[in-house]
1. Looking at Val148, Val169 in this structure, which one is open to solvent by 20 Å² or more (accessible area, probe 1.4 Å), β-branched (Val, Ile, Thr) and free of Cβ contacts under 8 Å to residues at least 24 places away in the same chain?
2. Taking the condition of being at pLDDT 95 or above and open to solvent by less than 40 Å² (accessible area, probe 1.4 Å), how many residues in segment 49-58 meet it?
3. Sort through Gly198, Gly194 and tell me the only one that's exposed (fewer than 12 other Cβ atoms within 10 Å of the Cβ), of a type in the set (Gly, Ala, Ser), part of a loop (DSSP other than H, G, I, E, B) and touching a residue at least 60 places away in the same chain (Cβ under 8 Å).
4. Quick check on this structure: which one of Ala75, Ala95, Ala113 is touching a Ser or Thr at 6+ places or on another chain (Cβ under 9 Å), closer than 30 Å to Cys162 by Cα, surrounded by 15 or more Cβ atoms within 10 Å (Cβ to Cβ) and at pLDDT below 95?
5. Please find, among Leu62, Leu37, Leu70, the residue that is within 30 Å of Thr105 (Cα to Cα), aliphatic (A, V, I, L, M) and open to solvent by 90 Å² or more (accessible area, probe 1.4 Å).
6. For Thr105, which of the numbered conditions (1) over 30 Å from Ala73 (Cα atoms); (2) open to solvent by 40 Å² or more (accessible area, probe 1.4 Å) fails to hold?
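The values are calculated or read from the model by the stated rules, or taken from the named source; none is laboratory data. The structure presented is a predicted model; accordingly, all values stated were derived computationally and were not measured. Quick reminder, even Gly has a Cβ in these numbers, built from the backbone with ideal geometry, and neighbours come from all protein chains shown. These area figures cover heavy atoms from the full protein model, side chains too; ligands, DNA and RNA do not enter into them. Shrake-Rupley method; radii C 1.70, N 1.55, O 1.52, S 1.80 Å.
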Amino acid sequence: IKRKVCKDGRGRVWLDRGGLAGMNQGATVELTIDATLQSVAEAELLRQVEEMDADGGSVVILDPRTGEVLAMANAPAFDPNRYSSYPPVARRNRAVTDTFEPGSTMKPFVVAAAIDAGVVRPTDRFDCENGKMKIGGWTIHDHHPHKVLSVPEIIEVSSNICSAKIGAVLGADRLYDYLKSFGFARPTDVDLPGEVGGRLSAPSQWKAINLANIS
């Protein structure tokens with residue numbers, strides 16, 4: 001933005017000729033945060049962190065149709081009016097700066113990849129081994145024992161064993177390629193400072209138990 005002025009020999013402005021050049025009309029900024037959801041997220045997160053005696057936690061609520069952030073809460077939190085009174089660990093936005101294991105939210109991606117690759121059909125059924133399956137020297141458990149489940153039922157009950165079996169059918173290389181295509185291990189470019197992209201090692205480094213755990 002430029003403004004025409006007159007200065008004296010010492011560079012002091014003594015006459016403002018007025019008028020701005022190169023200024024564009026500002027744009028409207030509208031937050032996607034829902035005040036009610038934000039309040040509930042903060043209260044429930046704090047309650048859970050205290051109840052579980054956790055070091056911290058995060059909650060992110062998104063609109064599944066648009067990806068808009070409706071609420072984002074972190075604990076421990078801090079008072080922005082007394083910013084310098086809190087340690088750095090309390091001031092970071094854990095939801096974007098910290099890495100964490102996706103857990104069972106990974107299962108729909110594994111199933112979607114297997115269906116897209118044509119190695120699994122929604123009507124296929126898998127034996128959940130009644131809640132316990134050995135892989136090498138490791139044992140995979142389900143939260144509740146199940147016998148035979150269809151693919152939709154595997155997602156419904158969140159079976160670790162059957163998800164691991166679907167991942168094995170898909171294979172490490174294809175699962176890795178699909179996860180990269182889904183955007184895992186790279187930042188979302190949400191425009192919040194400090195965002196990390198996560199980690200996803202090359203499939204050549206995966207053992208059978210790694211493939212099962214990732215799935």
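1. Sole residue among the options that is open to solvent by 20 Å² or more (accessible area, probe 1.4 Å), β-branched (Val, Ile, Thr) and free of Cβ contacts under 8 Å to residues at least 24 places away in the same chain: Val148.
2. The qualifying residues number 1.
3. Just one listed residue meets the conditions, Gly194.
4. Ala95
5. Leu62
6. (1)
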